[in-house]
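The values are calculated or read from the model by the stated rules, or taken from the named source; none is laboratory data. Remember, predicted model here, so these are calculated numbers, not experimental data. Reconstructed Cβ throughout: ideal geometry from the backbone, glycine too, with neighbour counts over all protein chains shown. Note: accessible area is taken over every heavy atom of the protein model, side chains too, but ligands, DNA and RNA are not part of it. Shrake-Rupley method; radii C 1.70, N 1.55, O 1.52, S 1.80 Å.
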Amino acid sequence: MPPHAFNFSPPSPMARVEQRRDTAGDTNAESLDAAIATILDRIHDPCSIAAGRPLSVLAMGLVRGWQLADGALTVTFAVTFPGCTMAPHFIEAAREALVQLPGVERVQTVVDTDYVWTPADMPAPANLRGVPQAWRSHRPG
């Protein structure tokens with residue numbers, strides 16, 4: 001089992017599967033695990049961007065984990081609050097990128113609606129780049 005794999009709850013109604021067209025190629029579990037983490041670290045949470053503090057879904061602690069079995073990659077995400085309307089955007093971006101990895105034939109994404117996210121879920125103190133709420137400081141002249 002890859003180091004970041006864990007047992008997932010049954011897929012929620014929000015789960016969706018993306019089928020990869022080209023399934024040629026294999027990688028070992030360790031390098032595939034690193035590739036998955038790299039891709040997820042390049043996908044930014046839209047709300048953090050809007051707030052002027054862009055952070056990846058990994059840095060935000062929104063990735064609960066992933067598991068690869070027989071070419072099927074399941075990634076479980078959390079949201080920062082139950083009414084999040086931006087999750088479909090970063091989830092779709094992740095799905096489209098992850099299905100391109102060698103050894104990944106299908107990608108299923110799941111939103112863990114029972115998990116309550118808190119800032120403590122962030123794996124490290126946030127790198128607070130940018131100007132917070134920069135759009136609020138602009139005043140038409």
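The table below lists the values:
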| read-out | value |
| --- | --- |
| Residue among 104, 110, 99 that is touching a residue at least 12 places away in the same chain (Cβ under 8 Å), touching a Phe, Trp or Tyr at 6+ places or on another chain (Cβ under 7 Å) and open to solvent by less than 40 Å² (accessible area, probe 1.4 Å) | 110 |
| Filtered residues of segment 88-117 (kept if at pLDDT 90 or above, more than 22 Å from residue 30 (Cβ to Cβ) and part of a loop (DSSP other than H, G, I, E, B)) | 112, 114, 115, 116, 117 |
| All positions within segment 58-78 that are open to solvent by less than 20 Å² (accessible area, probe 1.4 Å), under 14 Å from residue 43 (Cβ atoms) and in a strand (DSSP E or B) | 66, 75, 77 |
